[in-house]
1. Which three lengths, in whole Å and largest first, does the range 48-167 cover when its Cα atoms are put on their principal axes?
2. Using Cα springs under 10 Å in a Gaussian network model of the chain, which residue among Lys57, Lys119, Lys43 shows the largest mean-square fluctuation?
3. For the chain, find the longest principal axis of its Cα atoms and tell me its angle to the long axis of helix 138-149, 0 to 90°, nearest 10.
4. Could you work out how far helix 109-122 tilts from the main Cα principal axis of the chain, as a 0 to 90 degree angle to the nearest 10?
5. How far, in nm, would the chain grow between His132 and Thr8 when pulled straight, counting 0.36 nm per residue and subtracting the alpha carbon separation?
6. If the cut-off is 13 Å between C-alpha atoms, which aspartates and glutamates fall inside it for Lys214, apart from same-chain ones fewer than 8 positions away?
7. For the chain, report the accessible area per residue in Å² (1.4 Å probe, heavy atoms, rounded to an integer).
8. Mean-square fluctuation check for the chain, GNM, Cα pairs under 10 Å: which of Asp221, Asp18, Asp106 is largest?
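The values are calculated or read from the model by the stated rules, or taken from the named source; none is laboratory data. Note that this is a predicted model, so its numbers are computed, not measured. Ideal geometry is used to build each Cβ from the backbone, glycine not excepted, and the neighbour counts take in all protein chains shown. Keep in mind that these areas ignore ligands, DNA and RNA; they rest on the heavy atoms of the full protein, side chains included. Shrake-Rupley method; radii C 1.70, N 1.55, O 1.52, S 1.80 Å.
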Amino acid sequence: MTALITVTDLTMGWSDHDLLERQSFEVNRGEVFAILGRSGCGKSTLLRYLTGLDEAKSGTVTIDGIGPPSLEAGRPAFGVMFQSGALFGSMTVGENLALALAEWTDLPPKAVAAIVRAKLRLVGLQGSEYKHPSELSGGMRKRAAIARALTLEPSLIFLDEPSAGLDPVSAAELDQLILTLNNALGLTVVLATHDLDSIFMIATRCILLDRETKSIIARGDPRSLRDGSVVPAVHQFFSRTTKDAK
């Protein structure tokens, strides 16, 4: 396995408050990597640092060995699905997907439309390009947001709480979609979540953030951590699963 993302001695937070202090980890190519922790520990905030939306107080983040992510670096090397989906409500689903293609490519309208249809088909939303986000269910909006994250053919995508707000059936279907994309496209997936059912179903490896110690208190296969960790805080986190979690 080779590292796609390398985080070294990262300290993140605000002027008078740190969420994470001098922590390091790597994300390998082709894996589904989960950032875990209880509410307020900094999962979504860490995603903002990994995607270049915020600048670390200290330490470094490199993607593909070419330096930190930056909004000024030109065409994005990755896709992002925000927690709410963040689709533009005044635009159709197709128009939402076409935005990145219009910004970063010179493709003619017919080619853009073909790519939009292909990406929607990939996530099971064929025929939805003329609908508005308000006409979609919560799970469908999440799928549309993933399709938008894939429009520029990235090898890496970030997902912020992908199953948040979904019923168990829709959440399980979204998990299966993420696994399918990972397997079929060789996609590297980094997601922030606290949903244990999703974690055990799709995550290859994980890190567990701790608000009290401002550190990573566990890392590895989530199933192994659930079954074998003797650290009380780690055991407590992974034992609050449903009876159906395996």
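1. 45, 38, 23
2. Of Lys57, Lys119, Lys43, the Gaussian network model singles out Lys57 as fluctuating most.
3. Approximately 80 degrees, to the nearest ten.
4. Tilt of helix 109-122: around 50 degrees.
5. Values: separation 124, 0.36 × 124 = 44.64 nm, distance 4.15 nm.
Answer, rounded to one decimal: 40.5 nm.
6. Here the aspartates and glutamates satisfying the reach criterion relative to Lys214 are Asp9, Asp18, Glu21.
7. Details: 11920 Å² over 246 residues.
For the chain, the per-residue accessible area is 48 Å².
8. Asp106
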